[in-house]
2 protein chains.
Amino acid sequence: MAYQSEITHSGKQFIGGERVAEGERTLVSLRAVDGQPTGYRFYQATINDAELAVKAAEAAHLAYSQISSDKRAAFLEQIATEIDALGDEFIHLVMEETALPEARVLGERARTSGQMRLFAQLLRRGDYHAARIDTALPDRKPLPRPDLRQCKIAVGPVAVFGASNFPLAFSTAGGDTASALAAGCPVVVKAHGSHMGTAEFIAQAIEKAAKKQHMPVGVFNMIYGSKIGADLVQHPAIQAVGFTGSLQGGRALFDLATRRPQPIPVFAEMSSINPVIVMPQALVVRGDKIAQELVSSFTSSVGQLCTKPGVIIGIRSTAFSQFIAQLVHHVEQCSAQTMLNYGTLKSYQEGITALESHPEIKRIGGQMKSQTQADAQLFQADISLLINQDPLFQEEVFGPVSLVVEARDESELYRALQGLQGQLTVTLIGEKTEIAQADALSQLVMRKAGRLLINGYPTGVEVCDSMVHGGPYPATTDARGTSVGTLAIERFLRPVCLQNYPQELLPETLKDSNPMKLLRLVNGVYTRDPL
Amino acid sequence: MAYQSEITHSGKQFIGGERVAEGERTLVSLRAVDGQPTGYRFYQATINDAELAVKAAEAAHLAYSQISSDKRAAFLEQIATEIDALGDEFIHLVMEETALPEARVLGERARTSGQMRLFAQLLRRGDYHAARIDTALPDRKPLPRPDLRQCKIAVGPVAVFGASNFPLAFSTAGGDTASALAAGCPVVVKAHGSHMGTAEFIAQAIEKAAKKQHMPVGVFNMIYGSKIGADLVQHPAIQAVGFTGSLQGGRALFDLATRRPQPIPVFAEMSSINPVIVMPQALVVRGDKIAQELVSSFTSSVGQLCTKPGVIIGIRSTAFSQFIAQLVHHVEQCSAQTMLNYGTLKSYQEGITALESHPEIKRIGGQMKSQTQADAQLFQADISLLINQDPLFQEEVFGPVSLVVEARDESELYRALQGLQGQLTVTLIGEKTEIAQADALSQLVMRKAGRLLINGYPTGVEVCDSMVHGGPYPATTDARGTSVGTLAIERFLRPVCLQNYPQELLPETLKDSNPMKLLRLVNGVYTRDPL
């Protein structure tokens, strides 16, 4: 709360450490609950604003990318401190703009600052440098080997597009920003239109941290506006893009980025139906418990989670029929909830209408009662839709709904799983003995997803070294990346090889003396020893 | 030579361990020296052949990707043995098809088999698994942490397009094939049209190795033909592409791959002019030696090397003028040489014509004497062309030619370097004291290239852990990759996270007992200890 009074609302762009605005103040922050203005208003960024923001980032790049890991770590920790210090006015505004309850907002803030601190730890650990050294072999025949050393460097300015459903953890200071800043890349954030006030508070916290830690001006920039994203992605100085959102939005940015004269990588986390496979014995032993937990998983946060279980698959049996009845029962207990904004509610209603009008899908639980909130619902789909890759199974319906699919037998289940598109997660729920025999099943679904779970629920994504929040298309545009966890930094780094460099020109990471005490691959052996 | 008699010429496709052909036998292998037939003829692959080849690779994927690292290593080593055992008929054919001299062919073969053995070592070292473990924290508040483990898995079938200039090391069994097979990905090679006979010998060596080491049928496939590449890249089962060749060819494949319903990564190594910056003191001390070495570097292998120094930049001085005269002198000593094929010669002649007709470029050494061979040549270009990013500086002229550029002063040199497109290499040549002060220069060029050299020549790419043969566009389509060295394997791997997996379902890499004795990141600390 200490800094509360220093936070000011101007509604302007954040460019090179200044608040500037060239366009009109036409963007209105709205309350999620009723679509009425919160009182915060923002300037639409012009093409020139976007250009200035990218140029500020580009101007900061050389200096920022060369700042020591320790100093970058201190900057990330300062951001965490500033975000944690934001007061009641901020929490209240996030709640107003998103309809997320206070506990969730506080939890998500802790996750966001915790994420900054985890990347600070990664910077101090230093393994992201991936230092490799092959020393010279001047006497080798037929040709001598020169001295060759490799490390990773920052790719350059990164454009970040946040998500509506995590206004803190996947937005202005979310995982993309944290990993780009950790990598040594300045960022230009396109503020999300459904929580512009939240974004302004967070951006000010970052600016404050940058100033306190003497970071180069322009290390962080943020612009407001609709239709300005394409200009950002197409600017020649932008070298990578982080995005979390819809399949349509992510693919559009990917298409723009890959059609540039110089194509750049886009890490878009987009669409996943997160299948959950319930195995026969588990249904017999604890069907009702699973049903209750699954309904809780797909309706929590109003089903507005990337990892929401959107399809529940099992093999025909008495226990499975009973399980479906239990799912229906628990769905019927749910109350309608307010979604993130009017657009999200409208998309949910349209998604439900599409399910309702599909001849091979029937509603089996819940119904659309409220016009202004989202009611939990359950549908059942014929398995042929999965097997034949019906487009309905490609894009998630964002909201508290899931589809039940029944396979006649194991072989039909396999065929259905083979038809799956790329996913963020696939989950198996089973008893110990059936899981122990599920090796082939596990191998099959491993090709389909970035994260495989056994006896858990995919909602709740741990921020840690081992997390993969990614997966084959359409879950993301690049299965080699993750947008959660420390591996996310690799998206914004590229390797470089220095040949015959004298000690004084080598970066600290590659000097003979190994001043950072890094674990390095030296002539094929991992060691922390100096050369 | 032992297997010599087992090599047979049929000219058919290699699909799923069989030689098959559906199309016409219309593809004729030609001698580089005079464009006359070598006697080897090949079948044009049909769309159906391409489909069958990809399906064979896809069918092999699950089995091949799960074969232990040790067995995959033995397979790669067997390939090396079989390639080393190819006899005189093979060496003679490579020389016929490419006009490369015997010593170079023997050297390149040793490089190719050596590369296979290096990837076998990498497989045994096991660090490519990148194993990470975060153990469960059941008592953590407010939420427990599940057990999370991460490793890398093969992406799936890879399409490989070899280069004309390295018929062994960058072709059928070159770096792309070696790294894809090491990663656990089956491959489908599109045989290069200018060394189809060479490709057939090598493919048979790979097939023999696959059989001897009991690899799944379909782990390796190769098809012949023009215009069949697009079908390969667009096949839904292909998951990544490796390519070495022209900017136009690489970009075309990239565009096809990124416009697929499911976009896939393309690692195309394409075009680089590999600037060499000669510093003032070095020119005074050893100008003539540098001139001699540089001419040798850009004319060796008839200038048909991706890392050929295509631009030589210095600051105006008496020594630089003298150095230019020395360059001219050494160029005039060169004899005409036979290029890889008629198409390459024609491109070289066209490239020279473009230089000749450019108003701000003048020829200063050598001339087009031969109609059938390539003469070494030297041009001088106005520095404004570099500063203004003239398209002439974007694509290399493949052949024994280089451009000299003179900067008025250091500031103009910097402006010229800022205008550089992405490069495979940038080289600085200087005396100890001027190099020691070149930190800013080194930082500037590091943004432009994958490899930076000091006092060396970029031709000659070491195959080792620290090599980066890659760089920003247009050097490649993905600066995060390298096509030479062990890091190349990462292009064909993606991370996966296993949550709450029981020991019996975990891969060896992630089991508590650490049976492979891997160095793993466990709860933030690197260790080879079991859990």
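The values are calculated or read from the model by the stated rules, or taken from the named source; none is laboratory data. Bear in mind that the values here come from a model prediction, so they are computed numbers and not experimental data. Because the Cβ atoms are built from the backbone with ideal geometry, glycine has one as well, and the counts that use them run over all protein chains shown. Accessible surface areas use protein heavy atoms only, side chains included; no ligands, DNA or RNA. Shrake-Rupley method; radii C 1.70, N 1.55, O 1.52, S 1.80 Å.
Within the range A:211-232, does at least one residue satisfy the condition of being over 29 Å from A:GLY470 (Cα atoms) and either within 19 Å of the chain's Cα centre (by Cα) or not in a loop (DSSP other than H, G, I, E, B) (or both)?
Yes - at least one qualifying residue is present in the range A:211-232.
Can you tell me which residue among A:LYS208, A:LYS227, A:LYS190 is open to solvent by 10 Å² or more (accessible area, probe 1.4 Å) and without any contact (Cβ under 8 Å) to a residue 40 or more places away in the chain? Even if it seems obvious, please write down each step before you answer.
Values: A:LYS208 fails: without any contact (Cβ under 8 Å) to a residue 40 or more places away in the chain; A:LYS190 fails: without any contact (Cβ under 8 Å) to a residue 40 or more places away in the chain.
Answer to the check: A:LYS227.
Taking the range B:290-340 on its own, how many of its residues are in contact with a strand residue (DSSP E or B) (Cβ under 7 Å, 6 or more places away or on another chain), outside any strand (DSSP E or B) and more than 18 Å from B:ALA381 (Cα to Cα)?
Residues in the range B:290-340 being in contact with a strand residue (DSSP E or B) (Cβ under 7 Å, 6 or more places away or on another chain), outside any strand (DSSP E or B) and more than 18 Å from B:ALA381 (Cα to Cα): 8 in total.
Does the range A:518-526 contain any residue that is of a type outside the set (Val, Ile, Thr), open to solvent by less than 10 Å² (accessible area, probe 1.4 Å) and at the interface with chain B (Cβ under 8 Å from one of its Cβ atoms)?
yes
List, please: which pairs have Cβ atoms under 6 Å, are six or more places apart or on different chains, and start with a residue in the range B:54-79 that is at pLDDT 95 or above and end with one that is of a type in the set (Phe, Trp, Tyr) and open to solvent by less than 30 Å² (accessible area, probe 1.4 Å)?
Once the first residue is at pLDDT 95 or above and sits in the range B:54-79, its partners that are of a type in the set (Phe, Trp, Tyr) and open to solvent by less than 30 Å² (accessible area, probe 1.4 Å) give B:LEU76/B:PHE119.
Of the residues A:LEU106, A:LEU137, only one is within 11 Å of chain B (Cβ to nearest Cβ) and more than 29 Å from A:VAL33 (Cα to Cα); which?
Numbers: A:LEU106 fails: more than 29 Å from A:VAL33 (Cα to Cα).
So the residue among A:LEU106, A:LEU137 that is within 11 Å of chain B (Cβ to nearest Cβ) and more than 29 Å from A:VAL33 (Cα to Cα) is A:LEU137.
Please work out which residue is nearest to the chain's Cα centre (by Cα), limiting yourself to the range A:485-508 and to residues that are within 7 Å of chain B (Cβ to nearest Cβ) and more than 22 Å from B:VAL484 (Cβ to Cβ).
Across the range A:485-508, the extreme among qualifying residues is A:LEU487.
Does the range B:403-422 include one or more residues that are touching a Pro at 6+ places or on another chain (Cβ under 7 Å), touching a residue at least 24 places away in the same chain (Cβ under 8 Å), closer than 29 Å to B:ALA374 by Cβ and aliphatic (A, V, I, L, M)?
Yes: one or more hits.
Looking at A:LEU505 and the list (1) open to solvent by 20 Å² or more (accessible area, probe 1.4 Å); (2) out of contact with any Gly (no Cβ under 7 Å at 6 or more places or on another chain), which single condition is not satisfied?
Here A:LEU505 clears every test but (1).
Please work out which one of (1) under 16 Å from A:ILE364 (Cβ atoms); (2) of a type outside the set (A, V, I, L, M, F, W, C); (3) open to solvent by 20 Å² or more (accessible area, probe 1.4 Å) is the condition A:GLY314 fails and give its number.
(3)
Can you give me the ranges of the strands (runs of 3 or more DSSP E) entirely in the range B:372-484 with at least 3 residues that are of a type outside the set (Lys, Arg) and within 11 Å of another protein chain (Cβ to nearest Cβ)? Explain how you work it out, then say what you get.
Values: elements: B:377-381, B:401-407, B:423-429, B:449-454.
Filter on the range B:372-484 gives B:423-429, B:449-454.
Please specify each residue of the range B:343-352 satisfying the condition of being more than 22 Å from the chain's Cα centre (by Cα) and open to solvent by 30 Å² or more (accessible area, probe 1.4 Å).
Once the filter is applied, which keeps residues that are more than 22 Å from the chain's Cα centre (by Cα) and open to solvent by 30 Å² or more (accessible area, probe 1.4 Å), the range B:343-352 yields B:LYS346, B:GLN349, B:GLU350.
Which of the residues that make up the range B:416-452 are of a type in the set (Ser, Thr, Tyr) and either crowded, with 23+ Cβ neighbours inside 10 Å or closer than 17 Å to B:LEU294 by Cβ (or both)?
Scanning the range B:416-452 gives B:THR425, B:THR427.
So, in the range A:247-286, how many residues would count as being in contact with a Leu (Cβ under 7 Å, 6 or more places away or on another chain) and within 11 Å of chain B (Cβ to nearest Cβ)?
Here the count works out to 2.
Could you pull out the residue among B:ALA59, B:ALA21 that is open to solvent by 20 Å² or more (accessible area, probe 1.4 Å), farther than 21 Å from B:LYS227 by Cβ and assigned by TED's automatic domain parsing to the domain that holds B:LEU232?
So the residue among B:ALA59, B:ALA21 that is open to solvent by 20 Å² or more (accessible area, probe 1.4 Å), farther than 21 Å from B:LYS227 by Cβ and assigned by TED's automatic domain parsing to the domain that holds B:LEU232 is B:ALA59.
Test A:VAL484 against the stated conditions and say whether it is within 27 Å of A:GLY162 (Cα to Cα), modelled with pLDDT of 95 or more and buried (at least 24 other Cβ atoms within 10 Å of the Cβ).
Considered against the rule, which asks whether it is within 27 Å of A:GLY162 (Cα to Cα), modelled with pLDDT of 95 or more and buried (at least 24 other Cβ atoms within 10 Å of the Cβ), A:VAL484 comes out as yes.
Scan the range A:246-259 and tell me whether some residue there is in a loop (DSSP other than H, G, I, E, B) and open to solvent by less than 40 Å² (accessible area, probe 1.4 Å).
Of all residues in the range A:246-259, those in a loop (DSSP other than H, G, I, E, B) come to A:246, A:259.
With open to solvent by less than 40 Å² (accessible area, probe 1.4 Å) added as a condition, the list becomes none.
No; the residues of the range A:246-259 include none that is in a loop (DSSP other than H, G, I, E, B) and open to solvent by less than 40 Å² (accessible area, probe 1.4 Å).
Do we find that A:ALA203 is open to solvent by less than 10 Å² (accessible area, probe 1.4 Å), touching a residue at least 24 places away in the same chain (Cβ under 8 Å) and more than 14 Å from chain B (Cβ to nearest Cβ) in this structure?
In short, yes.
Of all residues in the range B:109-124, how many are farther than 12 Å from B:GLY175 by Cβ and either small (Gly, Ala, Ser) or more than 12 Å from chain A (Cβ to nearest Cβ) (or both)?
Summing the residues that are farther than 12 Å from B:GLY175 by Cβ and either small (Gly, Ala, Ser) or more than 12 Å from chain A (Cβ to nearest Cβ) (or both) in the range B:109-124 gives 6.
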